[in-house]
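The values are calculated or read from the model by the stated rules, or taken from the named source; none is laboratory data. On a predicted model such as this, the values are computed, not experimentally measured, just so you know. Positions of Cβ are generated from backbone atoms using ideal geometry, with glycine treated the same way; all protein chains shown enter the neighbour counts. Please note that ligands, DNA and RNA were not included when accessible areas were found on the heavy atoms of the full protein model with its side chains. Shrake-Rupley method; radii C 1.70, N 1.55, O 1.52, S 1.80 Å.
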Amino acid sequence: GAWCAGAMPPPRYDPASWAAARRVLSSAESANPGRWDPLARPYLNEPLARLALHDPCMRLVLLFASQMGKSEIGNNWLGYVVDHAPCSFLLLRPTLDDCKGYSKQRLRHLFDCPALRGKVAEPRARDSGNTLLDKTFPGGMLILAGANSAARLASWPIRCLFADEIDRYPPSAGAEGDPLGLAEKRLSDSGERAKELLTSTPTLAPSSRIQREYDESSQAHWLMPCPHCGCEIEMLWRTAAADGTETYRLQWDGDPGVDGPGFDVRYVCQECDAPIREHHKTAMLAAGHWVHTHPERRTRGYKINALAAPIGSVSWRILAAEWAKATALAKAGDTSALRVFVNTRLAEPWEDVIGETIDVRALLGRRENWGNTRETPLVPARATVLTSGVDVQGGTGRIECAVWAWGPTTERWLVGYYVLPGSVYDPGTWDSLDEIRLRDPPRVGGGTMRIAAMAVDSGFATDEVHRWTHPRRAAGVFAVKGLGGTGLLIYNPKAQRSEKRGRYRGTFHSVSTNATGDEWHSHLLIPPAEPPEAHKPGYVHLPDWVDEAW
């Protein structure tokens, strides 16, 4: 009997059955630690099964809302590869810093699972085969790469590619081109045996990469039976009738942000108009299944939003509260919270519904006088901090400096704007900028304020910018560099080393030009408060001395 048991081949797992049999979640990974439960999130099982190396599907696309488990699909797939089907595996994330954080947190806990413990060695600085970004295991290897690093995308053939959060990739990895395209070229040696998983929450339409990938896939939707009429429905935030009228399917009474009785939330079935209560979701999820709009397409695509999240995850009350807050801000002109809700909760790309043109005459017409003049800056009483942005101009030889006062919820006032003529290679020009930095403009009601942080664009005269900013970093002076592309954070708090150019090598922080422009665009469109002196989140106050050219 023992000889027969030893001669039996190991079971043939797919990632779904492997996770059910072998994955154990720690308390650091889940609010419900213990064995992986395939019934807890049944919508994960089909995509996981299609990731088996023996399955003919070569490419999967997951257009998932946040906290719906898309990263766990990738982690279970990686665990299955390490334990059951070893091969070369590339995990691609937006930046190298993302990779390091993912390796230290998510992967460390994954590899501590009993089935994987000891198969991937702990990172060792002297062992190039087992570092934060490169790991080996019996029969295979794991490579972590950032979409911003062309060097790590240009070597080693691979069989499996897990490209996570692809909407946040830069348009080019250095000067090498599309990072996803570079990574996919490394699959070419595996031919029909290659496997690729693309995941992300969407960002902006029409530039959302994950939305485009999903549109070209089989377009699967998660359907569940209504507990009242039995019809299979996809839970949607809103549906449109033939005449174009829209109906919001999640409806509630009372204030979702206030505890206590009086709040009632339900989902109204689009087939029978009966109210579905949240406790019905457990049975609905258990009876749900994926339906592919285009089953003939080889790329399998799956889409699901937060309305279908299991009990204990994102509740309908939370969704109602977030929607109420976001729509209230949007009515005041600030659409940033609504955009986050649409992207992360509804798994839909954001389409800017406000007009694209800012009326310059309207901006001129709302200029204010709070006692601030171009010659004598004055800080409003509601302001709590001063910042400055500095642009180094080439050709014309000048430095321009804006000083902004900020209040709560990004309300802001332009306090000063200075044009410093002279060559940017002349130390005297930078001395003039230092004088502005060290001025302490008076504040309405008494006292003074000093500039707390200054950002200097290092795109031109890079050596001079680094030479001036570096010794002043402790005083809040930083070199910054614009970064193109969608899906990026406005500000990257992680300093980066600049390339050696000329005599000086310094550090800088990247700033997303697209995200910054989008936010300023939406905030400039916020109408004035009524009365004018009232607080208004995100509002931009302009002094009466700015002109049309400014």
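Are there trypsin sites (Lys or Arg not before Pro) in the stretch 115-219 that DSSP puts in a loop and that have at most 10 other Cβ atoms within 10 Å, and which ones?
Those that pass, being in a loop and sparsely packed, are ARG117, ARG124, ARG126.
Calculate how steeply helix 70-83 sits against the longest principal axis of the alpha-carbon atoms of the chain, using the helix alpha-carbon long axis, and give the answer as 0 to 90 degrees to the nearest 10.
50 degrees
Figure the gain on full extension for ASP264 and ARG117 (residue separation times 0.36 nm, minus the Cα-Cα span) and round it to one decimal in nm.
Difference between extended and current length: 48.3 nm.
Averaged per residue, what accessible surface does the chain expose to a 1.4 Å probe, in Å²?
Numbers: 25700 Å² over 550 residues.
Here the residues of the chain average 47 Å² of exposed surface.
Holding the Cα-Cα limit at 20 Å, pick out from LYS70/LYS494; LYS119/LYS195; LYS303/LYS331; LYS104/LYS481; LYS104/LYS494 the pairs that are longer than that.
With Cα atoms farther than 20 Å apart: LYS70/LYS494; LYS119/LYS195; LYS303/LYS331; LYS104/LYS481.
About the Cα centre, and with charges only on the beta carbon of Lys, Arg (+1) and Asp, Glu (-1), how big is the dipole of the chain? Nearest 20 debye, please.
Values: 63 positive and 65 negative charges, 442 e Å.
The dipole of the chain has a size of about 2120 debye.
Under 13 Å from the Cα of LYS325, which aspartates and glutamates turn up, not counting those fewer than eight places away in the same chain?
List returned: ASP255, ASP334.
Quick one: of the DSSP bridges fully inside the chain, what percent are antiparallel, nearest 5? Show your work: numbers first, answer last.
On the way: 45 of 90 bridges.
Rounded to the nearest five, the antiparallel share is 50 percent.
Using a 1.4 Å probe, how large is the accessible area of SER172, given in Å² and rounded to the nearest 10?
Counting only protein heavy atoms, the figure is 40 Å².
Mind ordering 278-291, 242-255 by average Cβ neighbours within 10 Å, highest first? Don't jump to the answer; show the numbers that get you there.
Working: 278-291: 15.6, 242-255: 11.7.
Per-residue Cβ counts within 10 Å, averaged per peptide and sorted highest first, yield 278-291, 242-255.
Taking the Cβ-Cβ separation of LEU363 and LYS331 as r and a Förster radius of 25 Å, what is the calculated FRET efficiency to the nearest 0.05?
Details: r = 20 Å, r/R0 = 0.81.
In this case the efficiency is close to 0.80.
Per-residue ellipticity at 222 nm for the chain, helices alone: DSSP H runs ≥ 4 residues times -39500 (n - 2.57), over residue total, nearest 500 deg cm²/dmol?
Values: 15 runs with 127 residues, N = 550.
It comes out at -6500 deg cm²/dmol, rounded to the nearest 500.
Please report, in debye to the nearest 20, how large the charge dipole of the stretch 297-429 is about its Cα centre when each Lys and Arg carries +1 at its beta carbon and each Asp and Glu carries -1 there. Before the final figure, lay out each step's value.
Details: 16 positive and 13 negative charges, 152 e Å.
Approximately 740 debye in magnitude.
If I stretch the segment between ILE311 and THR131 completely, what's the gain in nm (0.36 nm per residue apart, minus their alpha carbon distance), one decimal?
Extending this stretch completely gives an extra 61.0 nm.
Points 7 angstrom from Cα along the Cβ direction at HIS292 and TRP545: gap in nanometres?
Taking the two extended label points, one gets 6.7 nm.
So which aspartates and glutamates pass the test for LYS281, namely a Cα distance under 18 Å, with those fewer than 8 places away in the same chain ruled out?
Candidates past the 8-residue exclusion: ASP37, GLU232, GLU234, ASP264, GLU271, ASP273.
Of the accessible area of the chain, with the probe set at 1.4 angstrom, what percent is carbon plus sulfur?
Within the chain, the accessible surface is 54 percent carbon and sulfur.
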